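Reading through the structure tokens given below for one structure.
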Amino acid sequence: MTTVVWFKRDLRTHDHGPLLAAVETGRPVIPLYVVEPEYWQLPDTSDRHWGFIRESLTDLDRQLRSMGSRLVVMHGHILDVLATLHAHYGIGRVFCHQETGGQWTFDRDREVIRWCQAHSSEFREWQQFGVVRRLPDRDQWDDRWQDLMQQPVMAAPAYLPIPDDNLAGWPDSGSLAAPDVNHCLPCPDRQTGGSTHGDRLLASFLDRRVVGYQYRISSPNTAGRSCSRLSPHIAYGTVSLRHIYQQSKATASHASTLPRKEKSLRSFRSRLHWHCHFIQKLEDEPELELRAIHRDLEALKDGPGEPERLQRWQQGITGWPLVDAAMRALRHSGWINFRMRAMLMAVASYQLWLHWRDPALHLARLFTDFEPGIHYPQVQMQSGLTGINALRIYNPERQSVRLDPDATFIRQWIPELGGVPDDLIHTPWLMTQAQRQRYGGDAYPLPVCDHEQAAREARQSVGRFLAEHVRPEETERVLARHGSRRGPVQRRPRPAPQQTATDHGQLSLFGES
């Protein structure tokens, strides 16, 4: 009887518990990846995700071949694939990592468990991150996260036993055809997938790029180099989070005489902790993919909003330069820093008054590092739907002056404004017709609306809704289930709705790495 190691979002061979456990059984091992057509029709998937995955599968196959095995890649429903392999080899065990994805992946995993039970095959899962399945309450979470991060990093196996036929005839990564992806979004500057590239990024980050990390990750001009850029590798598991954490700790021990570097490393590790904190939210409530965290706030907006506003936001032509530059950069590269992501979502939710779901799906498709467990709780937090966080209403003009004072980022991504001087480029709608003719900018649109007036109206609307429709017991439920803490739950008042956050780096980490 063979053991199937089912690779999902864990495309590596090092620090891989299921792979090592499969070797220890002493039975033949089939390393398996399944391209699932239904998954690629989901509204939050795109071809830029597939491009990163395909490169990662090629790298994974190379690693497995060095161990005397190879990756079997099959198209179809996972149950059909398992049935085919079972008929040929007999499957005694299915080993894999836990996956905290959307409702589709939760349902698919349950089907696999039932299949294994029906065929008397052992099914075992390992923790992928510091996310605890069936966590009884949040009070225990931090200690359990720390325990997992301190466990030894597992080396890759030296050799994998394979079936007698050497897996002959089964498709591999070299013959891999792209699935029929529902959303095709060209990404000219997408990051390259695979553990090899992930390891190089980690080494360069810890060696030199980390210094000043906590100060440089907010500006779009410095974040591209100062962030680790490991986020897609963490999302698809080409590099182990525990390995990253421990390498960071080891680097810090050698950096004790360099206080700036040591402080930067501590800041980075804190974000690894927040990474799992947010994924735990979706693990505990998978339906957050589809509805508001605070159930009373699902009714805050009646519908998706004006289609033209959504389209202008998606295309990067809202008329607010930093917002549009961020969206265009994201479309081009599949990555922007956390502050720009938070601003994009907040502007869509408040100034444009769009329902959170459509902007969330659009951003999910654009992010190469799309991680459902971080993405859905984060976009809801930026949209004011948690009931336990202050409203984060970004002023696009103020953020532009603060984070891109010389308009370097704006000019890079909005060539229509290339000739506009610094004192006008952040507010091109204030230019006179004579100035527009003199400096250019006629091709750049006027704003969708008055952002300050729209922000005031949004704040007032949310405030009225909170006062009239939000139940304290639901707020307490959200806090007890999802709130951050290191000890027993502390009851605390709901934040005043008029609060506006302009600096919240410690929480807004999606895509930060």
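Scanning residues 5 or more positions from Leu391 or on other chains, those with amide H under 5 Å from its amide H are Gln499, with H placed 1.01 Å from N in the peptide plane. When every Cα-Cα distance of region 14-108 is counted in 10 angstrom steps from zero, the calculated P(r) takes the values 12, 43, 37, 7, 0 percent.
Kirkwood hydrodynamic radius, the chain, all distinct C-alpha pairs: what's the number in Å? Averaging 1/r across every pair of different Cα atoms and inverting gives 24.3 Å. Helix 259-284 and the long axis of the chain differ in direction by around 80°, with both axes built from C-alpha atoms.
Label reach from His119 (point 7 Å along Cα→C-beta): in region 1-27, amide nitrogens under 12 Å belong to 2-5. Estimated from helical segments only, the mean residue ellipticity of the chain at 222 nm is -14000 deg cm²/dmol, where each DSSP H run of four or more residues counts as -39500 (n - 2.57).
Distance between the pseudo-spin-label points of Asp180 and Asp139 (7 Å out from Cα toward the beta carbon): 5.2 nm. Every Cα-Cα pair of region 77-124 was included, and the share exceeding 16 Å stands at 37 percent. Putting +1 on Lys and Arg Cβ atoms and -1 on Asp and Glu Cβ atoms, find which of Gln103, Ala158, Phe129 reaches farthest to the positive end of the dipole of region 99-185. Checking the options against the dipole of region 99-185, the answer is Gln103.
To the nearest 20 debye, what charge dipole does region 46-160 have about its Cα centre, counting +1 at the Cβ of each Lys and Arg and -1 at the Cβ of each Asp and Glu? Before the final figure, lay out each step's value.
Details: 14 positive and 16 negative charges, 72 e Å.
Rounded to the nearest 20 debye, it is 340 debye.
Extent along the principal axes, Cα only, for region 48-168: 50, 34, 32 Å, with the longest axis given first. Site pair Asp422 and Ala480 shows an inter-label distance of 5.5 nm when each label is modelled 7 Å from Cα along Cα→Cβ. In terms of distances greater than 32 angstrom between alpha carbons, the cross-link table entries Lys249/Lys281; Lys263/Lys301; Lys8/Lys249 yield Lys263/Lys301. The residues packed around Gln41, meaning those with a beta-carbon under 14 Å from its beta-carbon, carry a net charge of -3 if Lys and Arg are +1 and Asp and Glu are -1.
For region 301-318, putting each phi into the Karplus relation 6.51 cos²θ - 1.76 cosθ + 1.60 with θ = phi - 60° gives couplings of 10, 6, x, x, x, 7, x, 5, 5, 4, 5, 5, 5, 5, 8, x, 9, 6 Hz, in residue order, rounded to whole numbers and with x for Gly and Pro. Maximal additional length on extending the Arg266-Val153 stretch stands at 38.7 nm, based on 0.36 nm per residue less the C-alpha distance. Note on Leu79 and Asp302: the extension gain reaches 76.3 nm, defined as 0.36 nm multiplied by sequence separation minus the Cα-Cα distance. In terms of its C-alpha gyration tensor, region 154-297 has an oblate overall shape, because the principal axis ratio a/c (a ≥ b ≥ c, square roots of the eigenvalues) is not below 1.5 and a/b does not outweigh b/c.
Relative contact order, whole percent, for the chain stands at 19, derived from Cα pairs under 8 Å and 6 or more residues apart. Listed values for region 116-128 are Karplus-derived 3J(HN,Hα) couplings in whole Hz (6.51 cos²θ - 1.76 cosθ + 1.60, θ = phi - 60°), namely 4, 4, 5, 10, 6, 9, 6, 10, 9, 10, 10, 5, 8, and x replaces Gly and Pro.
Readers should treat all values here as calculations from the given coordinates under stated rules, not as data from a laboratory. Computed from a predicted model, the values in this text were never measured in an experiment. So basically every Cβ, Gly included, is an ideal-geometry build from the backbone, and we count neighbours across all protein chains shown.
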